[in-house]
1. So for the stretch B:37-44 (the condition being part of a loop (DSSP other than H, G, I, E, B) and open to solvent by less than 20 Å² (accessible area, probe 1.4 Å)), does at least one residue qualify?
2. From the list B:GLU143, B:GLU106, which one is at pLDDT 95 or above and either surrounded by 24 or more Cβ atoms within 10 Å (Cβ to Cβ) or under 30 Å from A:ILE67 (Cα atoms) (or both)?
3. Among the residues of the stretch A:99-136 satisfying the criterion of being surrounded by fewer than 21 Cβ atoms within 10 Å (Cβ to Cβ) and within 14 Å of another protein chain (Cβ to nearest Cβ), which is nearest to A:ALA41 (Cα to Cα)?
4. Return the residues of the stretch B:112-132 that are within 11 Å of chain A (Cβ to nearest Cβ), part of a loop (DSSP other than H, G, I, E, B) and open to solvent by 30 Å² or more (accessible area, probe 1.4 Å); say none if nothing qualifies.
5. Which of (1) outside any strand (DSSP E or B); (2) buried (at least 24 other Cβ atoms within 10 Å of the Cβ) does B:ALA168 not meet, given it meets every other one?
6. Restricting to the stretch A:13-46, what's the tally of residues that are part of a loop (DSSP other than H, G, I, E, B), buried (at least 20 other Cβ atoms within 10 Å of the Cβ) and either β-branched (Val, Ile, Thr) or away from chain B (no Cβ under 14 Å) (or both)?
7. Provide a single number: the residues in the stretch B:96-111 that are more than 9 Å from chain A (Cβ to nearest Cβ) and over 30 Å from B:LEU69 (Cα atoms).
8. Please enumerate the residues belonging to the stretch A:43-68 that are charged (D, E, K, R) and within 21 Å of the chain's Cα centre (by Cα).
Amino acid sequence: MSDIGSLKVKTGLAEMLKGGVIMDVTTPEQAIIAEEAGACAVMALERVPSDIRAEGGVARMADPTIIQSIMAVVSIPVMAKARIGHFVEARILEALGADYIDESEVLTPADETYHINKHDFKVPFVCGCRNLGEALRRIGEGAAMIRTKGEPGTGNVVEAVRHMRTVMSEIRALTLMPKEELMTAAKNMGAPYDLVLYIAEHGKLPVVNFAAGGIATPADAALMMHLGVDGIFVGSGIFKSGDPKARAKAIVLATTHYKDAKILAEISKDLGQPMTGIEISTLTDSQRMQERGW
Amino acid sequence: MKKRVGVLALQGAFREHRQVLEHLGCDVIEVRKTSDLEGIHGLIIPGGESTTIGKLLQIDELGEKIKELGSQDLPIFGTCAGMILLSKTIIDSDQYSLNLMDTVVERNAFGRQVASFETDLLVPAMGPNTIRAVFIRAPYLREVAPNVGILAVYDGKTVFARQGNLLACAFHPELTPDLRVHQYFLDMIDEH
């Protein structure tokens, strides 16, 4: 018998995105540029994170017209963001036919206690994490894909690096623990015990993990690939730069050829101005999007 | 002698194919540039985004080299995006193709991700037991030339076919533990 929207097909789409770059776009024109550059998916948004940061106010799910107009012009998967805990926005995105939902800290959270029960949906979800416990809580709730949170809209890769290094070192630690220590580890990191056992046995997450939050250059993308992510989200980094077409293409190439420094040197040339970055220490606590979600 | 099988590793689920092939005792080469193609006995083009892989294939004529090897009888197996890339005609698209199989392929033929599914698929060439087939934004072959053999049909749609040294399926045998589809491809390599 046939099974639509099974966990296998939800995690499976993420497997197909691996080694690729998912780009934030706000218009059909940007979506076409992204597809032409070789993006493996696009994230349809009303504003990119750096604009959300600059303009302030409540950031919500995009207008369905924007999402549909983008779905109409590209053949690659189209993702869209729902606010943390806002299961009605998620239902709307599912009804629109979005291919993946990002329950995202870039938008203003709708619920300060609970994330969406993602098992309830046929559409797959991706969620952000800063550490292994957070990743496993989201997977426990049904996320079919994980990404580091980084610090969105800053063009500063340091937080994405911190989060990825944290996840990887926590995974390594679990693989070395004797079994009697794993329940306490699960308690301490606030993670489901069965998923802690899975990590201890397999030494990897049960779903695909991408990098997000601050990637602005081909070298940033390659760095994150070296740290062990499966692929790259680029938010503001492309369409807030001087030459989006060239930069988008270069980041795609860097993600595939991340081990080849000669190729990286070649594709890093003449890309124009990268987006203006923000030093993380200048952000107040309330400006740090990564603190949203729990 | 151990078979040396390449897996195109530009984008997509190449790691899973690698694991299955290693499990079946092959030496696996991840193919990212033309020099990686030297000495391989067969090549798998994995699932992923066919437009992305197509763009990356055009760099340094990697695609042209694969096309040349495919037309010189190198066994090539494409899954999902790989099926699209092997087909000579891609409906409603001017994207890059390796132009090897006499087939007309339709992308996202079962709908968007919310319509993705898994099912039990009968593949007579692989025995009476069905294969658990995972279809993700999958294509199908709308038309095949008389020289293309149809291996499996789902809901009236051709989802698995072979043309001489070329094999293509719309689903993802690398995501399920059943090894029969990969074994079939390795048997094709032995025949050549």
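The values are calculated or read from the model by the stated rules, or taken from the named source; none is laboratory data. Computed from a prediction, not measured in an experiment: that's the story for all the values here. Glycine also receives a Cβ, built like all others from the backbone with ideal geometry; neighbour counts cover every protein chain displayed. Calculation scope for accessible area: heavy atoms of the full protein, side chains included, ligands and nucleic acids excluded. Shrake-Rupley method; radii C 1.70, N 1.55, O 1.52, S 1.80 Å.
1. Looking through the stretch B:37-44, at least one residue is part of a loop (DSSP other than H, G, I, E, B) and open to solvent by less than 20 Å² (accessible area, probe 1.4 Å).
2. Values: B:GLU143 fails: either surrounded by 24 or more Cβ atoms within 10 Å (Cβ to Cβ) or under 30 Å from A:ILE67 (Cα atoms) (or both).
Every option except B:GLU106 fails the conditions.
3. It comes out as A:LYS122.
4. Across the stretch B:112-132, the qualifying residues are B:ARG112, B:THR130.
5. So the condition that B:ALA168 fails would be (1).
6. Residues of the stretch A:13-46 part of a loop (DSSP other than H, G, I, E, B): A:18-20, A:26-27, A:38-40, A:45-46.
Subsequent filtering for residues that are buried (at least 20 other Cβ atoms within 10 Å of the Cβ) retains A:18-20, A:38-40, A:45.
Those still in the list that are either β-branched (Val, Ile, Thr) or away from chain B (no Cβ under 14 Å) (or both) too: A:45.
Result for the stretch A:13-46: 1.
7. Matching residues across the stretch B:96-111 total 1.
8. The first filter runs over the stretch A:43-68 and keeps only residues charged (D, E, K, R), leaving A:46-47, A:51, A:53, A:55, A:60, A:63.
Across the stretch A:43-68, the qualifying residues are A:GLU46, A:ARG47, A:ASP51, A:ARG53, A:ARG60, A:ASP63.
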